[in-house]
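Take a look at the structure set out below.
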Amino acid sequence: MLKNFFLTCSGVDKNLINECSNGEQNKYVGIGATVFFTAIMATIAGSYALYTVFDNLYSAIFFGLIWGLLIFNLDRFIVSTIKKTDSKWKEFAQATPRIILAIIIATVISKPLELKLFEKEINQVLLTEKNQMTLDNKSQIAQQFTPEIDKINAEIEVLQQEIISKENETNNLYEIYISEAEGTTGTKKLGKGPVYKEKRAKHDASLLALKELKKENSAKIEQKENAISTLIDNQKLAETKSQPIISNFDGLMARINALGELPFFTSFFIFLLFLAIETSPIIAKLLAPKGEYDFKLEEKLSAVKTWATQQMQQREKMLNADITIDNKVYKDITADEELYNYKQKMARELMKLQADSFYKKQQKML
C-alpha cells in the first residue's frame, strides 16, 4: 500500500509501472517518497511562516496544509513531465525551467525553517533592534516637545531674573538708608533725618513693588511650570502609545531581515540542503539511464501518436472525397433541362407577382 502511494506521488503511469520489474518500481518509489517528504517539509515551513503572520495556530495549520499540497502538486508535475530521450542535452534543456522552479520552491521552503532553527539568535537581534528603536523613538518624540519646553523654561528664567534684579535693587536701597542712619555714607550725619526718611521711603516702595512682582511672577511661573508638566505628560503618553508598535516588531519580514544579520554561510548551507532535496528527483531522472518504464512509455506515446496521425489522414481523405463527389453531382445537375425549365417558370411567376404588387401600391397613392 505504501509502495503504491509513493508511486502515485512520483506521477508515473500505474498501468505501465506495474508491468515493470521491482528494481524499476523501486526507483520511482524513491522519487515519489522524495516528493512526498518535500511536501511535508513545505507544510511545516509554511505553517510556521504563517503562524508568525496570523499568530493563530489553526489558521497557520490550515493554510500550511494548502501550501504543502501546492508544493506537492508542483513537485509531482515537475518530475512527471521530464521525459527520457536519447540526447542528454535535450533532457537538460527540458529540465532547466523545472530546475529553476525547484530552486524557487527550495528557497520558499527553507526560509521559514531557517527562521525556526535560528529563532534564539534572531530574537537577540530583534531585541537589539527594538532597544535602538525605542531610543530613536524617544529621541524623535522629544524633538517634538523639547523646543516648546525649552522656550517655556527660558520664559520662567526671565521671570525669576526679574525677581532677583528687584531683590538686588531693594537690598541696595536697604543698605543705603541704613548707612544714612548710621552716618557712614550720604550726609554722614548720625540719626534719622529727612534724607534718611527719603531713602527709607524709596526702599519701602521698592520692597512693596518686589512683593507685588513676586506675587505676579510666581503665578506666571506656576502657570508655565504646569504647561511644562502637561507637555512632559504628553511626551510620555506618546512614548507609551508607540511602544507596543515597537514591541510587536517581530513579524515575518522583520525576522527575515534579522536572519540576514546572522553569518551567511550557516543559512546558505541549510538552503543548499533543501535545494538538494527539492532537485534530487529531477537530478535522479537526468542522471539515470533509460529504464524499462521509459521504453514502455515511449512505445505507448509513439502508438498514440501514430494512431492520431492515421485518424487525421483518414478524415482528410474522406473530406477530399466528399468534395469531389459534391462537385460532380452539382455539375450534372446544371445540365438538367427539366430543372432549368421549372426554375424559369417559377421566376416568371415571381416577376408577375412583383408587378401586380407594384401596380396596387401606385393605385393607392393616386
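The values are calculated or read from the model by the stated rules, or taken from the named source; none is laboratory data. Just so it is clear, the model here is predicted, and its values are computed rather than measured. Positions of Cβ are backbone-derived with ideal geometry, glycine not excepted, and every protein chain shown enters the neighbour counts.
Have a look at Glu278, Glu292 and point out the one that is surrounded by 10 or more Cβ atoms within 10 Å (Cβ to Cβ) and farther than 30 Å from Asn56 by Cα. The conditions single out Glu292.
Considering only segment 237-251, how many residues are closer than 20 Å to Ile122 by Cα and among the hydroxyl-bearing types (Ser, Thr, Tyr)? The qualifying residues number 1. For segment 236-248, give me each residue that is in contact (Cβ under 8 Å) with a residue 60 or more places away in the chain and over 17 Å from Ser139 (Cβ atoms). Selection gives Ser247 alone. The listed residues are Ala303, Ala276, Ala321, and the only one of them that is among the small types (Gly, Ala, Ser) and either in the same structural domain as Leu74 (by TED's automatic domain parsing) or touching a Lys or Arg at 6+ places or on another chain (Cβ under 9 Å) (or both) turns out to be Ala276. Between Leu208, Leu213, Leu159, Leu237, the distinction of being modelled with pLDDT of 80 or more and within 54 Å of the chain's Cα centre (by Cα) belongs to Leu237 only.
Report, by residue number, each residue of segment 257-280 that is outside any loop (DSSP other than H, G, I, E, B), more than 30 Å from Phe92 (Cβ to Cβ), without any contact (Cβ under 8 Å) to a residue 40 or more places away in the chain and of a type outside the set (S, T, N, Q). Answer for segment 257-280, where residues must be outside any loop (DSSP other than H, G, I, E, B), more than 30 Å from Phe92 (Cβ to Cβ), without any contact (Cβ under 8 Å) to a residue 40 or more places away in the chain and of a type outside the set (S, T, N, Q): just Gly260. No other residue among Thr128, Thr96, Thr134, Thr107 is surrounded by 15 or more Cβ atoms within 10 Å (Cβ to Cβ), among the polar types (S, T, N, Q) and modelled with pLDDT of 75 or more apart from Thr134.
Going by what's in this entry, would Asn168 be described as at pLDDT 85 or above, among the polar types (S, T, N, Q), assigned to a helix (DSSP H, G or I) and more than 30 Å from Thr230 (Cα to Cα)?
Yes: the conditions hold for Asn168.
Inside segment 67-109, residues that are of a type in the set (Phe, Trp, Tyr) and either in contact with a His (Cβ under 6 Å, 6 or more places away or on another chain) or touching a residue at least 40 places away in the same chain (Cβ under 8 Å) (or both) make up a count of 3. Out of Ala308, Ala254, one residue alone is touching a residue at least 24 places away in the same chain (Cβ under 8 Å) and among the small types (Gly, Ala, Ser). It is Ala254.
Screening the candidates Ala209, Ala238 for the property of being surrounded by 14 or more Cβ atoms within 10 Å (Cβ to Cβ) and of a type in the set (Gly, Ala, Ser) yields one hit, Ala238. The set of residues in segment 82-93 that are surrounded by 12 or more Cβ atoms within 10 Å (Cβ to Cβ) and either closer than 26 Å to Trp67 by Cβ or of a type in the set (S, T, N, Q) (or both) comprises Ile82, Thr85. Using the structure shown, decide if Lys189 is among the charged types (D, E, K, R), modelled with pLDDT under 75 and either outside the structural domain of Glu225 (by TED's automatic domain parsing) or assigned to a helix (DSSP H, G or I) (or both). In short, no. Restrict the check to segment 47-64 and report whether at least one residue is closer than 24 Å to Thr279 by Cβ, modelled with pLDDT under 80 and touching a Phe, Trp or Tyr at 6+ places or on another chain (Cβ under 6 Å). No, because not a single residue in segment 47-64 is closer than 24 Å to Thr279 by Cβ, modelled with pLDDT under 80 and touching a Phe, Trp or Tyr at 6+ places or on another chain (Cβ under 6 Å).
Restricted to segment 162-179, and to residues there that are touching a residue at least 12 places away in the same chain (Cβ under 8 Å) and over 15 Å from Leu208 (Cβ atoms), the residue that is farthest from the chain's Cα centre (by Cα) is Ile176.
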